[in-house]
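All remarks here apply to the structure that follows.
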Amino acid sequence: MKSCMVFLSLIFAFAASLLLSPLRADGDFDDGQNLSGEYLDPDFVEILPLYLIEEAGASSTLKSQGKNTYGVENLFDMNAATCWVEGVKGYGKGEWVEIGFLYPIHLTAVGFANGYQKSKKVYNENSDIHEMKVTVWYDSESGGGNESFIYIFTKPGYCQEDIYIKYNDLIRLADYLSTCGIRKIRFTILDVYPGEKYDDTCISEIVLYGGLSAGGDSAP
C-alpha cells in the first residue's frame, strides 16, 4: 500500500469544549501526580486546547472498515474506543503522526493511550508501539531547527479501567529537549509490541500538555 500524507484541519468544537472543561484526562493525574506518584508543576498538567492545533497528519492511515474509521482525528476525541491505525503492510515501522500548532507552544508533556484501547480483547489482538522517535521543530524566534529523541514504552497494556481516558505512558519532554517555541511535533514508530491477531499498530489517544510560549499569543 502506498504511503500517503493526509492533513486534516482540527475544528472540533465539541472536543475542544471537553479539553477546555475541568474533565480530567487521566484518573492517576487528578491531583497533579504522575504514575509514580510525583507531583508535577502546575503548568505540566494544563491540557493544551485543541484550537491551538493547526493541523495533524499521518504518513499513512488504515482504510475505514464499515463504520469504523482510523484517521488522526481519533487521537483527540477523548474516546478510547477510537484510534489512529497506520495503513501499510506489516507493523508500520517508520510510519508517523505529526501535529502542527497555530503559534509557538510551550509543550511540557504528552500522554499516550498506546494501542487500541477499545477493550482488553481488542487491545491484545492489535499491535502497539514499543519504541518511538519523537521530533520537534522550533519557531524561528526560538532558534529554528529541530531536535529528536528515542522513547521506549515500558508500560504496555490495556488501561481503560473507568470512564476517564487513561494512558499507559506520559512523556516528560523537558527530560529530553527544549520545550519552548515548538511549532510541530512528530511521533515515528520504530518498533512494536506485536498483536496476537493483527499486525496493525494503533494509538487510541494523545493528550498534549502545555500552553502558548512567551510572546506566542499573537500571530507570528
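The values are calculated or read from the model by the stated rules, or taken from the named source; none is laboratory data. Predicted model, so just to flag it, every value in this text is computed and none were measured. Note: ideal-geometry Cβ built from the backbone for every residue, glycine included; neighbour counts use all protein chains shown.
Conditions (1) surrounded by 20 or more Cβ atoms within 10 Å (Cβ to Cβ); (2) modelled with pLDDT under 95; (3) aliphatic (A, V, I, L, M), marked per residue:
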{"site": "L8", "(1), (2), (3)": "no, yes, yes"}
{"site": "P22", "(1), (2), (3)": "no, yes, no"}
{"site": "N34", "(1), (2), (3)": "no, yes, no"}
{"site": "L40", "(1), (2), (3)": "no, yes, yes"}
{"site": "E46", "(1), (2), (3)": "no, yes, no"}
{"site": "T61", "(1), (2), (3)": "yes, no, no"}
{"site": "S64", "(1), (2), (3)": "no, no, no"}
{"site": "G71", "(1), (2), (3)": "no, no, no"}
{"site": "V85", "(1), (2), (3)": "yes, no, yes"}
Return only the number of the condition from (1) in contact (Cβ under 8 Å) with a residue 60 or more places away in the chain; (2) assigned to a helix (DSSP H, G or I) that N114 does not satisfy. (2)
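Looking only at the stretch 160-176, how many residues end up being modelled with pLDDT of 80 or more and either within 17 Å of N124 (Cβ to Cβ) or surrounded by fewer than 16 Cβ atoms within 10 Å (Cβ to Cβ) (or both)?
Taking the stretch 160-176 first, the residues modelled with pLDDT of 80 or more are 169-176.
From what is left, the residues that are either within 17 Å of N124 (Cβ to Cβ) or surrounded by fewer than 16 Cβ atoms within 10 Å (Cβ to Cβ) (or both) are 172, 174-176.
Qualifying residue count for the region: 4.
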When the stretch 188-206 is examined, which residues are found to be among the hydrophobic types (A, V, I, L, M, F, W, C) and either under 16 Å from V134 (Cα atoms) or surrounded by fewer than 24 Cβ atoms within 10 Å (Cβ to Cβ) (or both)? I189, L190, V192, I203, I206
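Whether any residue in the stretch 132-146 is of a type in the set (D, E, K, R), surrounded by fewer than 20 Cβ atoms within 10 Å (Cβ to Cβ) and in contact with a helix residue (DSSP H, G or I) (Cβ under 8 Å, 6 or more places away or on another chain) is what I want to check. Reasoning before the result, please.
So in the stretch 132-146, the residues of a type in the set (D, E, K, R) come out as 133, 139, 141.
Add one more test, that the residue is surrounded by fewer than 20 Cβ atoms within 10 Å (Cβ to Cβ), and what stays is 133, 141.
Checking which are in contact with a helix residue (DSSP H, G or I) (Cβ under 8 Å, 6 or more places away or on another chain) leaves us with none.
There is no residue in the stretch 132-146 that is of a type in the set (D, E, K, R), surrounded by fewer than 20 Cβ atoms within 10 Å (Cβ to Cβ) and in contact with a helix residue (DSSP H, G or I) (Cβ under 8 Å, 6 or more places away or on another chain).
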